[in-house]
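Okay, so here's the structure we're looking at.
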Amino acid sequence: MGRLNGKIAVVTGAGRGIGKETALFLAGEGAKVVVNDLGGNTDGTGGTQIADEVVEEIKSAGGDAVANYDSVSEFAGGQNIFQTAIDAFGGMDILINNAGILRDKTLFNMEENDWDQVIAVHLKGHFNCTKPFVSYIRETNRMDCRIINMSSVSGLYGNFGQTNYGAAKAGIAGFTRSLSFEMAKYKCTVNTISPGAATRMTIDLIKAAGRDVDVNDWKQGPQQLAPVITWLCCDEASDVTNQIIHVQNGTVGIMQQPAVIESFLSEELWSLDQLDRVIGNLVETKKNHDSEVQKKAEPKKS
């Protein structure tokens, strides 16, 4: 018996990569799955019905799934994706916001459309798909649902040539934090994934960094994300919410989130001379803190 028997999941961008592996894993644990994918290129252009192939793979393995081809960048698209779950399976319990595109350029060379399209698919796409789901949860008082959002180290750490993508991915982490508070009364957990995997969107970046890529190696490929995302959807994860879970190179970790680590108080308006001293102390504290965190983050044997 699968851990997700009777659950109904929507996975966006599930035609390839992380989304596909997640859809297959969820179905393997008994979930009925809406496989959403526009079937476009990595920059969002074009379109094929590649979602059908994933649906067939799920069905061939004894699972249940339907395809959806709407774009997450459109508000109506998000509503249609949700409605597909309702029409096909009569409900919805899990949303994996995974769909994404890349338009990598330095800000010097970036056009307005490069910015708008990345923000539309990633950040607004999370809103478009989540809005009808959370409204449904409230209206039906459906408890114990799951929302998994997809961020990136490009937004959490920063990365050259990805101001549009980084801004969207950082925004998704903030979206998750706030939404987790709003959904707590319904026992709906909301978490962020920080993925590190070789997919068609990242292989060129990995190669450009001078690293070898073997997508058949589970520690490099998208398949390493699927069990972690699935676990967060299980009953065992009912108390895990408002977290950023990092998965890369066979490791699973939890990321720190914004917090004040040292502060100084002044009874009068700060002078520049005071700030010469105080800001220097704060920066030094941050460096020491980062060093300690880096040591603690070294992978341990499970």
As a percent rounded to 5, the proportion of antiparallel DSSP bridges among beta bridges in the chain is 15 percent
Residue by residue through the stretch 3-8, what is 3J(HN,Hα) from phi via Karplus (6.51 cos²θ - 1.76 cosθ + 1.60, θ = phi - 60°)? Round to whole Hz and write x for glycine and proline. 5, 10, 4, x, 8, 10
Given a Förster distance of 35 Å, the FRET efficiency implied by the Cβ-Cβ spacing of Ile279 and Asn159, rounded to the nearest 0.05, works out to 0.85
Can you compute 3J(HN,Hα) from phi for each residue in the stretch 62-73, using the Karplus curve 6.51 cos²θ - 1.76 cosθ + 1.60 with θ = phi - 60°, rounded to whole Hz and x for Gly and Pro? x, x, 10, 7, 9, 9, 9, 10, 6, 8, 6, 6
Name the most mobile residue of Ala170, Ala120, Ala237, meaning the one with the largest mean-square fluctuation, in a Gaussian network model of the chain with Cα contacts below 10 Å. Ala237
So which of Lys187/Lys301; Lys7/Lys187; Lys59/Lys131 end up more than 26 Å apart by C-alpha? Lys187/Lys301; Lys59/Lys131
Less than 12 Å Cβ to Cβ from Glu292, Lys/Arg counted +1 and Asp/Glu -1: what total charge do the surrounding residues give? +2
Rg and Dmax in Å for the stretch 110-162, alpha carbons only: what are they? 15.0, 44
Show me, bin by bin at 5 Å from 0, the whole-percent P(r) of the stretch 53-98 based on Cα pairs. 5, 20, 24, 28, 18, 4, 1
With a cut-off of 8 Å between alpha carbons and a minimum separation of six or more residues, what is the relative contact order of the stretch 8-254 in percent? 18 percent
How much length would be gained if the chain were fully extended between Gln257 and Gln83, taking 0.36 nm per residue of separation minus their Cα-Cα distance, in nm to one decimal? 59.2 nm
Using alpha-carbon pairs under 8 Å, 6+ residues apart, how would you state the relative contact order of the stretch 92-161 in percent? 52 percent
Mind pulling the angle between the C-alpha long axis of helix 125-140 and the longest principal axis of the chain? Nearest 10 degrees, somewhere in 0 to 90. 70 degrees
Taking 7 Å along the Cα-to-C-beta vector as the label spot, tell me the Glu57-Lys287 distance in nanometres, rounded to one decimal. 4.8 nm
Treating every alpha carbon of the chain as one equal point scatterer without solvent, the Debye formula yields log10 I(q)/I(0) values at q = 0.09, 0.14 Å⁻¹ of -0.47, -1.05
Cut-off under 5 Å, modelled amide H: who pairs with Met150 long-range: Asn97, Ile193
Taking every pair of distinct Cα atoms and averaging 1/r, then inverting, what Kirkwood hydrodynamic radius in Å comes out for the stretch 260-302? 12.5 Å
Suppose the chain between Glu236 and Phe264 were pulled fully straight at 0.36 nm per residue; how much longer would it get relative to their current alpha carbon spacing? 6.0 nm
Rounded to the nearest 10, the angle in degrees between the Cα long axis of helix 51-60 and the longest principal axis of the Cα atoms of the chain comes to 60 degrees
Return the long-range amide H neighbours of Val33 (sequence gap of 5 or more, or a different chain), with a cut-off of under 5 Å between placed amide H atoms. Ala9, Asp64, Ala65, Val66
Under 5 Å between amide hydrogens, which residues at least 5 positions from Leu38 or on another chain qualify, with H placed 1.01 Å from N in the peptide plane? Gly13
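No lab work stands behind these numbers, since they all come straight from the coordinates. Note that the coordinates shown come from a computational prediction; the quantities given were computed from them, not determined experimentally. When we count neighbours, we look across all protein chains shown, and the Cβ atoms used for this are built from the backbone with ideal geometry, even at glycine.
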